[in-house]
Amino acid sequence: MLSRACRLISKNALSGRIVCIQEGVSNYSNRSRDYHIASGHHGSLRCSLINTGTNITPKFSSLKPITAAVLVRNLSTGDGDKAALLDVIPEPPTIPQGAPEIAELVAGAEPAFASLGLGGWTPVGIVQNCMEFLHIGLDLPWWGCIAIGTVVVRTLLFPLVIASQRNAAKMNNHMPQLQVLQMKMTEARQAGNAIESARYGQEMVLFMKEKKLNPLKNMLVPLAQAPIFISFFMGLREMANTPVESMREGGLFWFTDLTICDQFYALPIITSLTLFLTIELGTDSARMSAANMQTVKYILRAMPIFIFPFTINFPGAILCYWACSNFFSLVQVGFLRIPTVRDFFKIDRIVAHKPETLPIKKKGFTEGIKESWTNMKISRELEERARIDEIRFQKAGKGPMVKTYKYDPTAPKPSSSTAVNAKKR
C-alpha cells in the first residue's frame with residue numbers, strides 16, 4: 001500500500017511563486033481528501049487550506065524558500081489511485097554509453113603497488129616500497145630507481161667492507177706463522193695424537209687473539225649481502241611478473257622492457273663478465289692462510305659460467321640490478337687498492353710472500369682436491385677408532401670380567417708326587 005506519493009510542479013507554471021500542496025485524510029476508511037496549499041515568494045511563505053470534506057489544521061505555517069511545489073497524498077488505499085500513481089513514476093536513468101575510464105580521466109596515473117598486491121613490511125615488500133617511492137616520488141625511470149637503490153644499499157654496507165679488508169690484510173701478513181701452526185696441528189691429527197693436536201690448536205687461537213685476527217670477519221660482507229640480494233631478486237621478479245605496466249618502457253638502450261628477458265643476451269653476458277672480474281680482483285685482496293683457499297677460488301671462477309644458462313631467462317629488471325651491483329663491486333675493489341685510501345681507512349699494506357718461503361707450498365687444483373680427500377679420510381678413521389675405543393671401554397666397565405691369563409692363580413697347586421708321576425708317564 002502506498003503511503004505517500006509526490007508530484008513536482010514546474011516553477012514557471014506558478015509564475016515565480018512557490019506552492020506546496022499536501023493532501024490529508026481524516027481516517028483510514030474515508031476517501032475524502034484535503035489539500036493544503038502553501039504559496040509565496042522567496043522570503044516569506046503563507047499557507048492556505050482547500051477543504052474537500054474535513055477540516056484539518058494547516059501544517060505549513062512557516063517554510064523556507066523552495067524551488068518547486070510538491071503534491072503529497074497520504075494513506076491511499078484505492079487500487080485505482082495506485083495505478084494512477086504508478087503511471088507517472090519516471091523511468092530510471094539510462095547508463096551513458098562510452099563513459100571514460102578512470103585511467104583515461106587522469107593522464108599518466110599509475111596504480112599503487114598495494115592495489116597490485118605488491119609492497120608490505122616484509123624484506124621483499126620494503127624493497128618494492130622503496131622502488132615505488134623512487135619512481136613516483138622522484139619521477140625516475142625504473143632503470144634509474146634500480147641503479148640508485150643498488151648504490152644506496154651497497155654504500156650502507158661499505159663499513160662492513162672496510163672491517164673485512166682490515167682483517168684480511170692482517171691475516172695475509174701473518175700467513176707464515178699461521179701456516180706453521182696449522183701444519184703442526186694437521187700432522188698431530190694425522191698421527192692420532194689428540195693431545196698435541198689440541199695443544200697446537202690452542203696456540204693458534206691465542207696467536208690469532210693476540211694479533212686481533214678473526215676468520216669470521218671475512219664472511220661479514222657475504223652474509224650481509226645474501227639477504228639483500230635475495231630480497232631485491234624476489235621483489236623485482238614479482239614486479240616483472242605482475243607486471244607493473246610502466247616497467248614495459250622503463251628500461252634503457254636495447255633493454256627497454258624490464259619485464260622480459262634480454263633477447264640479445266647482452267645483459268646476461270655483462271653480468272657474468274663483471275662477476276668474474278669481481279671474483280678475480282676481490283679474492284686477491286682477501287687471501288687467507290687456509291690451504292684450501294685456492295680450491296675455493298677455482299670454484300668461484302666457475303660460478304659465472306655455471307649461472308649463465310639460468311640468467312638468460314631472468315627478466316631485465318633482475319639483470320639490471322645484478323649488473324649494477326657488480327659494477328659497484330669493481331669500483332669498490334679498485335678504490336680500496338689505492339694506497340692513500342688504504343692508509344686513510346687504516347688498512348694494512350698487503351705483504352707479498354714468495355711461495356717458496358711459505359711452509360705450505362702452493363698446490364694445483366687436482367693436488368689440493370686429493371690432499372683434502374686424504375685428510376678427510378684420515379679424520380674419519382680417527383673418529384671411528386675413537387668411537388670403537390669408547391664402546392670397548394664401556395663394555396669392559398659394565399660387562400663380565402675378561403680372562404686374561406692361561407692358568408687360574410687362585411686355584412690350589414698340585415702336589416709334587418703327582419707332578420713327578422706325570423713326568424714319568
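Each value in this text was obtained by applying a stated rule to the coordinates, not by laboratory testing. Remember, it's a predicted structure, so these values are computed and weren't measured experimentally. Heads up, the Cβs are rebuilt from the backbone with ideal geometry, glycines too, and the neighbour counts pull from every protein chain shown.
The ellipsoid that matches the Cα gyration tensor of segment 108-155 has semi-axes, each √(5λ) in whole angstrom, of 18, 15, 6, with the longest given first.
Rounded to the nearest 0.05, what FRET efficiency do Glu203 and Leu382 have when you use their Cβ-Cβ distance and R0 = 35 Å? Each step should come with its number before you reach the end.
Values: r = 20 Å, r/R0 = 0.58.
That pair, Glu203 with Leu382, gives E of 0.95.
Taken along the Cα-to-beta-carbon direction at a fixed 7 Å, the label points for Leu216 and Phe308 span 3.8 nm. The phi-based Karplus calculation (6.51 cos²θ - 1.76 cosθ + 1.60; θ = phi - 60°) puts the 3J(HN,Hα) values of segment 137-148 at x, 9, 6, 9, x, 5, 5, x, 4, 5, 5, 5 Hz, whole numbers, x for Gly and Pro.
What separates the Cα centres of segment 172-203 and segment 212-254 is a distance of 40 Å.
Among residues other than Lys184 with Cβ under 10 Å from its Cβ, the summed charge is -1 (Lys and Arg +1, Asp and Glu -1).
Label-to-label distance for Glu356 and Ser246 is 6.5 nm, based on points extended 7 Å past Cα in the beta-carbon direction. At 25 °C and 0.890 mPa s, grab the translational diffusion coefficient of segment 123-362 from Stokes-Einstein with a Kirkwood Rh over Cα pairs, rounded to a whole number in µm² per second. Translational D for this selection: 121 µm²/s. Net charge dipole, segment 123-362: roughly 1340 debye, given to the nearest 20, about the Cα centre with Cβ charges of +1 for Lys and Arg and -1 for Asp and Glu.
Here the Karplus curve 6.51 cos²θ - 1.76 cosθ + 1.60, taken at θ = phi - 60°, turns the phi angles of segment 262-271 into couplings of 6, 6, 9, 6, 6, 4, x, 5, 4, 5 Hz, with x standing for Gly and Pro.
For segment 187-201, backbone phi angles converted through the Karplus equation (6.51, -1.76, 1.60; θ = phi - 60°) give residue-by-residue couplings of 5, 5, 5, 5, 7, x, 8, 5, 5, 5, 4, 5, 5, 5, x Hz, Gly and Pro being listed as x. Taking a Cβ cut-off of under 13 Å around Val221, the surrounding Lys, Arg, Asp and Glu residues balance to a net charge of +3, with basic ones at +1 and acidic ones at -1. Stretching the chain fully between Thr366 and Arg337 yields a gain of 7.3 nm (0.36 nm per residue, less the alpha carbon separation).
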